[in-house]
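The values are calculated or read from the model by the stated rules, or taken from the named source; none is laboratory data. Quick caveat: nothing in here was measured; it's all calculated off a predicted structure. Backbone-built Cβ (ideal geometry, glycine too); neighbour counts: all protein chains shown. SASA here: full protein model, heavy atoms, side chains in, ligands and nucleic acids out. Shrake-Rupley method; radii C 1.70, N 1.55, O 1.52, S 1.80 Å.
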Amino acid sequence: MMEEILEQVQSGKLTVKEAKEKLATYENLGFAKVDHHRKKRQGFPEVIYGEGKTAEQILSIINAIRSNNNDVLVTRITKEKAEYILKKYPEFIYNELAQILFWREDTKEDSFEGYIAIVCAGTSDLKVAEEAAVTAEALGCNVRRIYDVGVAGIHRLFDNIEEIQNATVSVVVAGMEGALPSVVGGLVSHPIMAVPTSVGYGANFNGLSALLTMLNSCASGISVVNIDNGFGGAYNAALIYQIAKKGVI
């Protein structure tokens, strides 16, 4: 791309100023610097964290991202802010439970047989699990949801264990004492992204006890992200998924 732009400058088809704009790695909006080269470096476009930003700011960032023909993923965005964005971009998809707004240009079905298993301990953890599931889908991954299979009724996990074992990678979400990733980790041969949630009574310390349990797991192959960070768990899982996909296709 750089060579083409330089050739256009040499031939007079582009001015130096136009060439600099095309070669710029980010766009300065004043309140934000939008990284247009994120996809080239990391495989996925820059993701917008919606919490703390106004609807107008989010829309401005989306406009910049879309001007470069990139996919859009906004996390932690309220329904009110999403509705503001949807007025201009009605084709976008909003998941209220996950608080995610996204749009993908390539919506064709993935021929890769692998998938990410999103394993959720309880219904109270669904918000975080759905953040993970929708993030993975927005990043172009096949996803299977296995919900409400916590250790309090471990027979429910065993009823679904074959589907989990056949996954390329799993994102395991749990609150309370956070034991589920350790149990799953002892039963599968693929990487696990463990996501602690802030669900639990007082001694849970808003997810700290679940986080420490997962960090101290005796099961191998478990990586732990921050409390309630369904996005982070799914993003890491998507990177593993893409590597596996390249090795097969």
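How large a share of the accessible area of segment 54-188, in percent, is made up of carbon and sulfur atoms when the probe is 1.4 Å and the other protein chains stay in place? Intermediate results must be reported in sequence, preceding the final value.
Working: 2760 of 5920 Å².
On segment 54-188, the fraction of accessible area on carbon and sulfur atoms equals 47 percent.
At a 1.4 Å probe radius, which order do V143, V173 fall into by accessible area, largest first? Don't skip to the end; give the middle numbers.
Values: V143 30, V173 0 Å².
Result of the area sort, largest leading: V143, V173.
Distance between Cα centroids, segment 39-67 to segment 171-249: provide it in whole Å.
What the calculation gives is 26 Å, centre to centre.
Determine, for each peptide in 219-230, 146-157, the mean count of other beta carbons within 10 angstrom over its residues, then list the peptides with the highest first.
Output ranking for 219-230, 146-157: 219-230, 146-157.
Of the listed pairs K81/K127; K79/K245; K53/K127, which have alpha-carbon separations greater than 27 Å here? Let's see the in-between values first.
On the way: K81/K127 18 Å; K79/K245 34 Å; K53/K127 21 Å.
Violating the 27 Å Cα-Cα cut-off are K79/K245.
What distance in nm separates the two pseudo spin-label positions at Y84 and Y201, each 7 Å out from Cα along the beta-carbon direction?
Simple spin-label model gives 4.1 nm for this pair.
Output ³J(HN,Hα) for segment 212-227: one whole-Hz value per residue in order, computed from phi by the Karplus curve 6.51 cos²θ - 1.76 cosθ + 1.60 with θ = phi - 60°, and x for Gly and Pro.
5, 4, 5, 5, 9, 4, 8, 7, 7, x, 9, 10, 10, 9, 6, 4
Just the accessible area for L208, please: 1.4 Å probe, Å², rounded to the nearest 10?
Here the accessible area works out near 80 Å².
One-quarter of the Cα convex hull surface for segment 73-204, in nm²?
Mean projected area of the Cα convex hull: 8.9 nm².
When the chain is fully extended, how far beyond the present Cα-Cα distance does E91 get from S11, taking 0.36 nm per residue of separation?
Here the answer is 24.9 nm.
Please work out how much accessible surface K81 shows to a 1.4 Å probe, ignoring ligands, DNA and RNA, in Å² rounded to 10.
50 Å²
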